[in-house]
Every structure is written in C-alpha cells, then in structure tokens.
Amino acid sequence: MTIRTPLTLSTIEAGAGLTEALQRDPADVRATITQSGMKGRGGAGFPTGLKWELAAKAPAPDGVRYVICNADEGEPGTFKDRVVLSEMPDLVFEGMTIAGFAIGATKGILYLRGEYIYLLDDLERCLEKRRADGLLGSDIHGTGLEFHISIFLGAGAYVCGEETALIESIEGRRGESRNRPPFPVEKGLHGAPTTVNNVETFAWTSAIFARGADWFSSIGTDRSTGPKLLSISGDVERPGVYEFPLGISIREMLEAAGGTRAKAVIVGGAAGTCVPAKDFDRAISYEDVSTGGAVIVVGPWRDLLEVAENLQWFFANESCGQCAPCRVGTVKLLDGVRDLRAGTVTAERLGDLITLGETMEFASKCGLGQAAPNVFLSMVKAFESEIKGHLVAEGSAQ
Ligand SMILES: Cc1cc2nc3c(=O)[nH]c(=O)nc-3n(C[C@H](O)[C@H](O)[C@H](O)COP(=O)(O)O)c2cc1C
Ligand code: SF4
C-alpha cells in the first residue's frame with residue numbers, strides 16, 4: 001500500500017527509545033507517556049498512560065502481567081497497521097518492551113490478523129534478531145529486565161479486534177466479547193492485568209522516548225496530541241497511508257489525497273461516522289471526528305444507500321451472535337436498507353429503523369453492535385432529503 005506522506009516513524013532510529021526508557025524507572029516511563037498526552041491509536045482513544053497506570057497498579061496475585069499488541073486490523077478501510085508492521089516492526093516490538101517494563105510484565109503477545117499471515121516470517125525474523133541482539137529475553141540491554149514476545153495468529157473474525165474477544169481467542173475459545181467490568185487492565189489474559197494496545201500506539205511509544213514527550217505533545221491539539229496515521233481509500237485520486245497532525249480538517253486531508261469533490265467521508269470505517277461535504281471543516285481529533293485510522297471517501301456519483309447496504313451486510317456477517325440487539329438488529333437494519341433501496345420503506349418504517357439503530361447503540365453488549373448503526377444513522381441525519389426521496393407513501397408499501 002502506497003505511503004503518501006513522509007512518515008515520522010520511519011525516521012525514528014530503532015533502539016533509541018528503548019535505551020532512553022530503560023534509564024528511567026517504570027513509574028517515570030508511565031508518567032512520560034501520560035505527559036505526552038497520547039491516546040490509543042486503535043479507535044477508542046483511551047489515554048495510554050492511564051491504561052498503563054491501571055495495569056501496573058492492579059493486583060496481580062502471582063505477579064504475572066501481560067502486554068498485548070492488537071494487530072487484528074479488521075476495520076474495513078484500515079490498512080495503516082499493516083504498513084507499520086511491514087516497514088518498522090522494530091518500533092512496535094520496542095514499544096511493547098517499553099510497556100512491559102512500565103507495567104511489570106514479562107510476556108507480550110502480538111495478535112496478528114489471520115489475513116496478514118504473509119507478514120509472519122518477517123516478523124518472526126525480526127523477533128529472532130532482537131533476541132540475538134539482547135533486546136528481548138531474560139537480560140535486556142544487560143539490565144536484568146526480562147521480556148519475551150510471541151506471535152498469535154487470528155482467524156479472520158472482525159470481533160476479535162475487540163480487546164476482550166481477542167483475549168478469549170488467545171485463550172483458545174471462540175472470539176466473543178466478555179462482560180466488562182472487569183476490564184483487561186484488571187483481569188485480562190488468564191485473569192492477569194493486561195494492557196491491550198494498537199500497533200500504532202506501540203510504534204509512537206518508541207518515538208516518544210526517542211524524541212521526548214514534549215515533542216509529541218507539541219503536535220496536534222490540546223486534547224488530541226501527536227501525529228496520526230490515516231488509511232485513506234475510496235473515491236480519491238491518491239489512496240494510501242498518510243500521516244497528519246491530529247486536528248487537521250477533513251478538507252485539508254481531502255486536498256492532500258485528491259478527493260475535494262467528495263459528497264461525504266466515512267471517518268472511522270464501517271463503525272464510523274458519515275460526514276457530509278458541508279461539514280468538511282470539522283477536525284480529525286478525539287474531541288471532534290475521531291478515527292482509529294480509516295477514512296473512506298464517497299464520490300459525488302455514489303449511491304449512499306449502496307454504501308450503507310455494503311456496510312450493514314458486513315456487520316450482519318460479523319456479529320458474533322451473543323446478544324440479541326446486535327444479532328437481530330444487524331440483520332433487521334440490513335433488510336431495512338435493502339428495502340429503502342428498493343423503494344418499499346414508509347416514513348413510519350424509517351422511524352422504526354432509526355429507533356432500532358439507537359437501541360442497538362444503547363443495548364448491544366460490545367462495541368461491534370454499539371457501532372454497527374453509526375454510519376446509517378449519521379447518513380440519515382446528514383442526507384435527510386436524499387434518503388427521504390427513497391420513501392414510499394403510506395399504504396403503497398408492499
Ligand atoms: C469490533 C471491534 C473491533 C476492533 N478492532 C480493533 C483492531 O483491529 N485493532 C485495534 O487496535 N483495536 C481494535 N478495536 C479496539 C480494541 O478493543 C481496543 O480498544 C484497542 O486495541 C486498544 O488499543 P489502544 O488503546 O492503543 O487504541 C476494536 C474494537 C471493536 C469493538
Ligand atoms: S454486540 Fe454483537 S459482536 Fe458484540 S457481543 Fe453482541 S452479538 Fe456479539
């Protein structure tokens with residue numbers, strides 16, 4: 001996949017961040033991440049420093065804690081983690097090692113999306129070299145620090161990107177999300193305190209120690225610090241992976257990718273938000289329009305309902321089926337969008353579909369079902385007259 005802007009991560013010297021981090025104590029390492037203001041790059045935007053504090057301080061009866069790198073990258077429209085893993089895997093493994101030091105974990109697992117199996121050999125070779133160079137193992141850098149990393153291959157289920165389903169999958173069960181609380185930082189893998197972070201989060205961790213927390217926090221906005229990788233796809237002239245400071249407007253992003261004629265942008269992938277052209281001055285940030293990295297551009301000629309049907313089909317197929325709001329709701333929404341396209345939906349039924357979507361957001365057990373109606377609901381709001389143009393009068397519905 002083409003890299004379209006210079007990536008700061010490719011200028012970070014492997015090893016520099018780890019050397020710097022190991023000169024501090026674990027509490028100072030956590031404080032540095034907190035000071036950088038970094039929020040997780042996987043989508044939910046949880047502050048990384050706080051997550052590590054919680055994992056470090058949660059009781060671990062036998063002293064075991066885990067670091068998991070979420071490389072499931074199943075969100076439609078996201079492909080930036082693949083680039084990080086292919087181009088700079090050392091930074092990811094180094095970030096995991098720093099996290100292990102920070103929370104007191106000796107084991108890390110990279111959960112690799114099944115479809116990325118072609119990356120496995122290179123990643124294993126990178127790990128082997130790090131062990132040989134004394135950067136992983138029982139005595140890292142001669143400091144006595146112990147940290148080991150293994151790779152676990154997923155099997156292609158989108159829900160396994162959700163951190164508790166991912167943990168279930170590593171433990172050998174079906175990928176189904178757990179009830180929370182307890183959160184993984186309290187009771188995660190094998191009941192031990194666990195931090196689950198995104199690939200990009202770990203890569204920026206290395207960069208923060210190589211360049212300083214102040215460098216990171218000087219980029220972006222007050223509440224959304226640092227640079228962010230975005231995977232831009234769809235109706236643009238130059239699709240690919242971009243790096244922008246958080247806070248960039250959607251318009252600026254589209255200018256860079258050659259998509260200014262777009263009718264809408266779906267920010268955040270299938271689980272994201274449909275932003276119409278009139279709102280392109282809004283910012284990509286945790287306080288405005290947030291994204292784990294997916295930006296799908298919708299050209300002026302596109303049938304919005306075709307886009308919505310495609311995404312609802314995805315959710316109906318990927319629902320794990322544990323809870324009714326998502327298991328039934330995703331299929332009902334798909335039916336509804338198909339009927340809208342076919343011109344057989346009345347205003348009353350459209351109202352029912354909106355209520356269904358809102359119920360799913362509220363009542364689904366995990367993020368998959370909670371986010372499944374997002375694009376449809378935001379589309380109906382932003383393109384009310386276009387969607388209503390598909391309605392049929394009461395009494396003439398078949
Ligand atoms: C259905 C679903 C799929 C997800 N897929 C991913 C994924 O592929 N990669 C990822 O990092 N986070 C994914 N997440 C978010 C994770 O649950 C978790 O918040 C994230 O890995 C935390 O890392 P971060 O704090 O570094 O962002 C997903 C969440 C849901 C609900
Ligand atoms: S919301 Fe969907 S994916 Fe999540 S537990 Fe319920 S059925 Fe499974």
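The values are calculated or read from the model by the stated rules, or taken from the named source; none is laboratory data. From a predicted model like this one, the values you see are computed outputs, not experimental measurements. Reconstructed Cβ throughout: ideal geometry from the backbone, glycine too, with neighbour counts over all protein chains shown. All accessible areas refer to the heavy atoms of the entire protein, side chains included, with ligands and DNA or RNA removed. Shrake-Rupley method; radii C 1.70, N 1.55, O 1.52, S 1.80 Å.
Annotations for the structure displayed:
- Each Lys or Arg adds one and each Asp or Glu takes one away; over the other residues whose Cβ falls under 11 Å from the Cβ of CYS326, this sums to +1.
- The range 1-70 and the range 80-124 have their alpha-carbon centroids 12 Å apart.
- Contact order relative to length of the chain, as percent, for alpha carbon pairs under 8 angstrom and 6 or more apart: 18
- Diffusion coefficient of the range 8-217 by Stokes-Einstein, Kirkwood radius over Cα pairs, 37 °C, 0.692 mPa s: 196 µm²/s.
- For the range 184-233, the share of alpha carbon pairs falling in successive 5 Å distance bins from zero is 5, 17, 18, 19, 16, 13, 10, 2 percent.
- Rg/Rh for the range 61-151, where both radii come from Cα atoms and Rh is the Kirkwood radius: 0.99
- Note on the range 179-275: semi-axes of the ellipsoid equivalent to its C-alpha gyration tensor, largest first and rounded to whole Å, are 30, 20, 12.
- Note on THR344 and ASN310: the model spin-label points, each 7 Å out from Cα along the C-beta direction, lie 2.4 nm apart.
- For the range 307-348, the alpha carbon convex hull comes to 58 Å³ per residue, rounded to a whole number.
- Under the Debye formula (equal points on every Cα, no solvent term), log10 I(q)/I(0) of the chain at q = 0.09, 0.12 Å⁻¹: -0.54, -0.93
- Charge sum, other residues only, whose C-beta stays under 11 Å from THR5's C-beta, Lys/Arg counted +1 and Asp/Glu -1: +1
- Simple spin-label estimate for LYS278 and ASP25 gives 5.7 nm between the two label positions (7 Å along the Cα-to-Cβ direction from each Cα).
- Accessible area of the chain belonging to carbon and sulfur atoms, whole % at 1.4 Å probe: 50
- Note on the range 304-388: Kirkwood radius taken over Cα pairs, Stokes-Einstein applied at 20 °C and 1.002 mPa s, translational D equal to 172 µm² s⁻¹.
- Scanning the chain for GluC sites (Glu not before Pro) in DSSP loops with at most 13 neighbouring Cβ atoms within 10 Å leaves 14-170 as the longest stretch between them.
- Gained length - GLU124 relative to THR11, 0.36 nm times residue gap less alpha-carbon distance: 38.4 nm
- Fraction of the pair-distance distribution of the range 1-119 above 17 Å, Cα-Cα pairs, percent: 62
- Whether the range 115-164 is rounded, prolate or oblate, judged on the alpha carbon gyration tensor where a/c under 1.5 counts as rounded: oblate
- Share antiparallel - DSSP beta bridges, the chain, percent rounded to 5: 45
- Taking a sphere under 14 Å around the Cβ of ASP62 and counting the other residues whose Cβ falls inside, with K and R at +1 and D and E at -1, yields a net charge of +3.
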